[in-house]
Amino acid sequence: MTVALETSHLVKKFGGLTATNDVSISIKAGARHALIGPNGAGKTTLINLLTGMLKPTSGRVMLGGIDITNMSPQKRVRLGMVRTFQINQLFGDLTPLETIGLAISEQHGDGADFWRVAGTKAGVNQDIADILDRFRLADVMNTKTSILPYGKQRLLEIAVAIACKPKVLLLDEPAAGVPDDERHEILTSIAALPKDVTVVLIEHDMDIVFSFSETISVLVNGGLFTEGPAAEVARDPRVKAVYLGESLDA
Amino acid sequence: MTEPTPTAKLATQGILARARWHPLEFVFWIVAFGSIWFAPNKHLILTEIAWLALFALSLDLILGYAGILSLGHAAFFGVGSYAAALLAKHGIVTEPVLALFCAGLVAAVLGFATSFLMLRGADLTRLMVSLGVALVLRELANQFGWLTGGADGLQGVTMEPILGLFRFDMFGHNGYVYCLVVLFVLFLAARRLMASPFGLSLLAIKGNPLRARAIGIGVDMRLVAIYTIGGFYAGVAGGLLAQTTAFSSLDVFSFDRSADLLLVLIIGGTGYLYGGIIGAVIFKIMQDYLALWSPQYWPFWIGLVLVVMVLVGRDRMTRWSEPLRALVNRLDWRRTPS
């Protein structure tokens, strides 16, 4: 199988602090991969390095065999590296319809059209509708995002990312803060993501991690602690120790 | 081609709703053009309202849509004003409409050049940078007296007839019609622009630049584009002032002008294109009446009104008009029942 996403010897230093320490990860196309680690392990920094929000101190990032280390965030998105956010990052004044429409227009490369009334491309509208249906947002498509229920906003967060036609999708704690009764909607949506999309899940909730992922990488103190198939990582006593805060020598 | 699904039909309607004309908008422009006939003795102040409205519209494009805060928008207004006056004075471009377009272009070039400064930093930085640019330009205009007339202003401008047909008369009738038509045409263009994917993407950038980047929007280039367009609009507004008064002075660059403009936009509301126009009408009429009623202390009353408005809050003001809006929406014969 081909490799969708690869980092080699990725390092990020903030002054004296090493937030990412020599991380080399290789994720296969179509994988369901989880990235876990205790607070401060450098998960967020790693995502920012992958998506281009931060520039690495050294090391490389490869997406589908292309070196994207020095590319701008928006260029990476067009190549298929898309993320969601742990805390909703949506456009409060726009509706879900417009938000998804924007993402699709950008993907088609006509987001800068300035003399065409938005909504006059039938194909685009159909694409928007499909995503709205898939993420159960059709009934609220014309509601301002800022007044949507939190669970719907969480769904929109993922729907927008899917609208960008990702090859690699980075899900940053997709179910964070969602009440239990709306949780299953998020989880079904994640489970139903297309198989050809490589999904990297960053999550604290171990139930979600083990129900969803096939392979797991564990980050500790900025470095790669261990990785492997989900079942193996689950059994690893060292991982338990890290998570429960126990000393390894004890 | 396959038949669109029901959701797709709803989606199409939903997106197009942004571009659709509301009945009130027709009423608005009918009243605006009606003023040519029913208020002939008010054309001088209406002319001022028209170019101020266009100026405010230009600020709305960058502030209300793209979220760029500026305290130096007079820079573009001033450059447009001097450009129009100089073109007429030296007989370079004598036909007013063409000269006006050139004045807008000059301001647009300035907008493009300074937009890269505006990309750096957030609101406070932008306020300072825009303010600085306007101050620098004012001083340049002051220093290059041989070109601009310096502190005395640029005198001896004679205007040719508009399109070679309509003279600028002393009562300002033709001048007003001219300003109003320019305002309307540029308003239509802005309306079209803001209903496009480009316009939507600006709202997205204003709402959340981080996410805008994360869905692949080239944020910087969009901001450069709208700042340039905003410069063009402001330049045309300044050109209108110069052409209708056949004069230009350092005052076009003044800080007061930029600050007043923000007030105009706050009064009318940002981000729906009419805010600047409505704000200009209220601001000028208020200024006019207060100046008559209290010739010495009118700035005090304007200040008081503004403080009250801010205290009451724009949210509450829109709520006052809610019943009216609901009525208007019921009257909208094309609205599909939802």
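Values quoted throughout were computed directly from the atomic coordinates according to the rules given, and no laboratory measurement underlies them. Keep in mind the model is a prediction, meaning the values are calculated, not measured. In this analysis, Cβ positions are derived from the backbone assuming ideal geometry, glycine residues included, and neighbour counts consider all displayed protein chains.
Quick rundown of the values:
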{"item": "Long-range HN-HN contacts of A:L201 with modeled amide H, under 5 Å", "result": "A:H33, A:A34, A:L35, A:L171"}
{"item": "Fewest-first ranking of A:E6, B:E3, A:E106, A:E182, using other Cβ atoms within 10 Å as the exposure measure", "result": "B:E3, A:E182, A:E6, A:E106"}
{"item": "Under-5 Å amide H pairs with A:L219, H placed in peptide plane, nonlocal only", "result": "A:I36, A:G37, A:F225"}
{"item": "Sum of side-chain charges, B:R167 neighbourhood, beta-carbon under 14 Å (Lys, Arg +1; Asp, Glu -1)", "result": "-3"}
{"item": "Distance violations [Cα-Cα > 24 Å] among A:K75/A:K152; B:K42/B:K284; A:K121/A:K165; A:K144/A:K167; A:K13/A:K167", "result": "A:K75/A:K152; A:K144/A:K167; A:K13/A:K167"}
{"item": "Whole-Hz ³J(HN,Hα) from phi, Karplus 6.51 cos²θ - 1.76 cosθ + 1.60, for segment A:159-172, glycine and proline x", "result": "4, 4, 5, 5, 4, 7, 6, x, 8, 10, 10, 9, 9, 9"}
{"item": "Value of relative contact order over chain A, rounded to a whole percent, pairs C-alpha under 8 Å and six or more apart", "result": "28 percent"}
{"item": "Ellipticity estimate at 222 nm from DSSP helix runs (n ≥ 4, -39,500 (n - 2.57)) divided over chain A, nearest 500", "result": "-10500 deg cm²/dmol"}
{"item": "For segment B:28-254: relative contact order, % (alpha-carbon pairs under 8 angstrom, 6 or more apart)", "result": "43 percent"}
{"item": "Estimated 222 nm signal from helices in chain B, with DSSP H stretches of n ≥ 4 weighted -39500 (n - 2.57), rounded to 500", "result": "-23000 deg cm²/dmol"}
{"item": "Debye intensity ratio I(q)/I(0), log10, segment B:121-180, q values 0.17, 0.29 Å⁻¹ (C-alpha model)", "result": "-0.79, -1.05"}
{"item": "5 Å binning of all Cα-Cα separations within segment B:28-254, expressed as whole percents from 0 upward", "result": "1, 7, 15, 18, 18, 15, 12, 8, 4, 2, 0, 0"}
{"item": "At 0.692 mPa s and 37 °C, Stokes D of the protein assembly as shown from Kirkwood alpha-carbon radius, µm² per second", "result": "122 µm²/s"}
{"item": "For chain A, average projected area of the Cα convex hull in nm²", "result": "14.8 nm²"}
{"item": "C-alpha center-to-center spacing [segment A:162-189, segment A:74-143] in angstrom", "result": "16 Å"}
{"item": "Derived scalar couplings ³J(HN,Hα) [segment A:33-47; Karplus, 6.51 cos²θ - 1.76 cosθ + 1.60; whole Hz; x for Gly, Pro]", "result": "10, 10, 10, 10, x, x, 4, x, 7, x, 5, 5, 4, 4, 4"}
{"item": "DSSP-loop trypsin sites (Lys or Arg not before Pro) across segment A:177-250, with at most 10 other Cβ within 10 angstrom", "result": "A:K195"}
{"item": "Least to most buried among B:V252, B:V185 (fewest other Cβ within 10 Å first)", "result": "B:V185, B:V252"}
{"item": "For segment B:66-79, 3J(HN,Hα) per residue [Karplus equation, 6.51 cos²θ - 1.76 cosθ + 1.60, θ = phi - 60°, Hz, x = Gly/Pro]", "result": "9, x, 8, 7, 9, 10, x, 5, 4, 4, 6, 4, x, 4"}
